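Computed from the coordinates by the stated procedures, all read-outs in this text should not be read as laboratory data. If you're wondering where the values come from, they're calculated on a predicted model, not measured in any experiment. Cβ sites come from the backbone with ideal geometry, for glycine too, and all protein chains shown count toward neighbours.
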Amino acid sequence: MSTLTIAIIAVFIAGYTLIATENLTKINKAAIALLMFVFCWTLYMVNPASFIQLMHPDFKGTADSLTQFVNSVIIEHLGDTSTTLFFLMGAMTIVEIVDQNGGFNWVKNVMHSKSKRGLLWRIAFMTFFLSAILDNLTTSIVMIMILRKLIPERKDRMIYASLVIIAANSGGAFSPIGDVTTIMLWNSGMITAAGVISEVFLPSLVSIIVPVFIIQYTLKGTVAKPKRM
């Protein structure tokens with residue numbers, strides 16, 4: 001085993017250790033994952049020929065063919081991920097611009113309800129369908145931002161926030177652009193928009209109705225006056 005291989009394994013183990021101990025280190029696991037990824041690929045690029053010869057002993061190419069081979073390896077491992085990442089960055093940028101200009105005020109007005117149970121159902125279905133149009137991560141961020149202004153009580157807000165996560169994942173599952181997994185499958189041509197909607201919509205709907213039906217019995221009374229936007 002070469003020194004570079006040992007170094008890559010050491011970086012990988014150190015990175016996952018920091019990710020697993022995020023609560024202790026207080027370092028964001030996304031930042032650690034990105035740094036780990038950068039260090040591992042940088043070490044790989046120091047001497048890619050040694051790894052290629054290990055995986056393909058018969059490879060006797062020139063420097064140009066080696067470069068092309070390394071490029072193909074990087075594209076194979078990072079192509080789909082990069083496409084998805086850029087899509088999410090664009091979607092979240094648009095959402096942030098819309099929010100800064102008050103574009104989500106209508107969402108707050110539609111969801112406003114004096115009854116806690118009524119608000120629960122409105123939030124569930126709004127999140128469910130919004131996540132199919134956007135993606136579940138962006139929708140979760142938007143809805144939790146709105147919840148902070150609709151629900152002043154922290155205990156109730158945690159219940160609604162939990163439901164938002166369930167509804168966002170349920171709604172994102174039946175849309176080709178609603179979840180990272182479906183986006184990658186759609187980009188690869190493994191699924192079609194009509195196919196995934198027709199096959200997954202009803203199971204997704206059931207997966208949100210059942211939790212809402214159960215959670216509603218933990219909420220009683222009316223919602224306190226919401227904070228101003």
### Query
To the nearest 0.05, how large is the calculated FRET efficiency for Phe129 and Ala31 if R₀ is 35 Å and r is the Cβ-Cβ distance?
0.60
### Query
Sorting Leu130, Leu205 on the 10 Å Cβ count, fewest up front, what's the list?
Leu205, Leu130
### Query
What is the order of Trp121, Trp41, fewest Cβ neighbours within 10 Å to most?
Trp41, Trp121
### Message
Neighbour counts of other C-beta atoms within 10 Å: give me Ser175, Ser207, Ser82 arranged from fewest to most.
### Response
Ser82, Ser207, Ser175
### Query
What residues have an amide H closer than 5 Å to that of Ser115, excluding those fewer than 5 places away on the same chain, when H is modeled at 1.01 Å from N in the peptide plane?
Val223
### Query
Relative contact order for the stretch 100-218 using alpha-carbon pairs under 8 Å, separation at least 6, rounded to a whole percent?
27 percent
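Could you calculate the FRET efficiency of Asp99 with Met184 from 1/(1 + (r/R0)^6), where r is the beta carbon distance between them and R0 is 35 Å, rounded to 0.05?
Working: r = 27 Å, r/R0 = 0.76.
Taking R0 as 35 Å, the efficiency between Asp99 and Met184 is 0.85.
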